[in-house]
Amino acid sequence: MAFFVCFFFLFLLVSSSTACDRCVHQTKVAYFSQESALSSGACGYGSLALGFNSGHLAGGVASLYKDGAGCGACFQIRCKNTSHCTKKGTIVTLTDLNRNNQIDFVISSRAFMAMAQKGMGQDILKLGIVDVEYKRVPCQYKNQNLAVRVEESSQKPNYLAVKFLYQGGQTEIVGVDVAQVGSSNWGFMSHNYGAVWDTSRVPSGALQFRFVITAGYDGKYIWAQHVLPADWKSGVIYDSGVQFTDIAQEGCSPCDYETWK
């Protein structure tokens, strides 16, 4: 893992000359009529996703899903049909993988309608698919820390699987370590799928986590000192005590500095 993290940081440093935190992309967007189709998707959020961003959910193509590292990312999307749509558009949270490479996103009908001007939600739905532009934006969860959900597949003391919820900022988790609280004997967790990380080497006692996230031109560590109690239980969501506010850079030119509103 150490080699991967070092290579990752080096790659971003080399790319920093063209870095931008607001790259605008062009695509088409379609919608699912039921939000549940996106909540039960490849990120593994399940019904919890219905509470993200007022149900404004999205399935993104592989380049946005990033083998699950893109799960929970936020994007501002606005349609280019000015007779139907606002300049602000709407913000969606990525919860699924879109396997249709003809369009970058499939979004919930609620999010699709939110791009429309007042009173034109049903009109835009009738279009079915629209031309849009989009950019990644920081996720904001007021008064909400990053949460850690212990998955039902966890079997104490031999196996621990966790899912990360409410990830703030404009970041991606690229590494996770776990250790007993007060110990410096860190063990790495493996990325299982979507937003889920696991390990078969579970430390005893209360647990702390250390995250490697994308940030700025390279990356950084975030230390959550007290996350899981010694008597952690499957199916329970725990407060990590930390939140991400960093903004990672992309490579593009020109960069968009406009606030869509």
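Computed quantities for the displayed model
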read-out: Theoretical ellipticity at 222 nm over the chain - DSSP helices of four or more residues, -39500 (n - 2.57) apiece, nearest 500; value: -3000 deg cm²/dmol
read-out: Net charge contributed by nearby residues that have their C-beta within less than 10 Å of P138 (K/R +1, D/E -1); value: -1
read-out: The stretch 209-223 - phi-based ³J(HN,Hα) in whole Hz, Karplus 6.51/-1.76/1.60, Gly and Pro as x; value: 10, 10, 10, 9, 10, 6, 6, x, 8, 9, x, 7, 9, 10, 10
read-out: K142, K233, K163, K220, ranked by accessible area, largest first (probe 1.4 Å); value: K142, K233, K220, K163
read-out: Which of G168, C23, G55, positive extreme of dipole for the chain (C-beta unit charges); value: G55
read-out: Kirkwood hydrodynamic radius (C-alpha pairs) into Stokes-Einstein, the stretch 25-136, 25 °C and 0.890 mPa s, D in µm²/s; value: 183 µm²/s
read-out: Over the stretch 147-239, relative contact order from alpha-carbon pairs under 8 Å, at least 6 apart, %; value: 33 percent
read-out: Contour excess over end-to-end distance, with Cα ends at D131 and T259 and 0.36 nm allotted per residue; value: 44.1 nm
read-out: Leading residue at positive end of dipole, the chain (Cβ point charges), from P157, G216, W260; value: W260
read-out: Dipole moment magnitude, nearest 20 debye, the stretch 147-239 about Cα centre, only Lys, Arg, Asp, Glu C-beta charged; value: 120 debye
read-out: Charge dipole magnitude, Cβ of K and R +1, D and E -1 - the chain, Cα centre, debye nearest 20; value: 520 debye
read-out: Helix axis angle, 2-14 relative to the chain longest principal axis, alpha carbon, degrees; value: 40 degrees
read-out: Fraction of accessible area attributable to carbon and sulfur, the stretch 34-185 (%, probe 1.4 Å); value: 45 percent
read-out: Interchain or long-range residues, amide H under 5 Å from E172's placed H; value: T214
read-out: Longest exposed-site-free window of the chain, the sites being GluC sites (Glu not before Pro) in a DSSP loop that have at most 13 other C-beta atoms within 10 Å; value: 1-151
read-out: Kirkwood Rh, Cα atoms: Rg over Rh of the chain; value: 0.99
read-out: Cα-only Debye scattering, the stretch 147-239: base-10 log of I(q)/I(0) at q = 0.18, 0.21, 0.24, 0.25 Å⁻¹; value: -0.76, -1.05, -1.38, -1.49
read-out: Long-range HN-HN contacts of C85 with modeled amide H, under 5 Å; value: Q117
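The values are calculated or read from the model by the stated rules, or taken from the named source; none is laboratory data. These figures come from a predicted structure and were not determined experimentally. A quick note on method: Cβ atoms are made from the backbone with ideal geometry, for glycine too, and the neighbour counts reach across all protein chains shown. Keep in mind that these areas ignore ligands, DNA and RNA; they rest on the heavy atoms of the full protein, side chains included. Shrake-Rupley method; radii C 1.70, N 1.55, O 1.52, S 1.80 Å.
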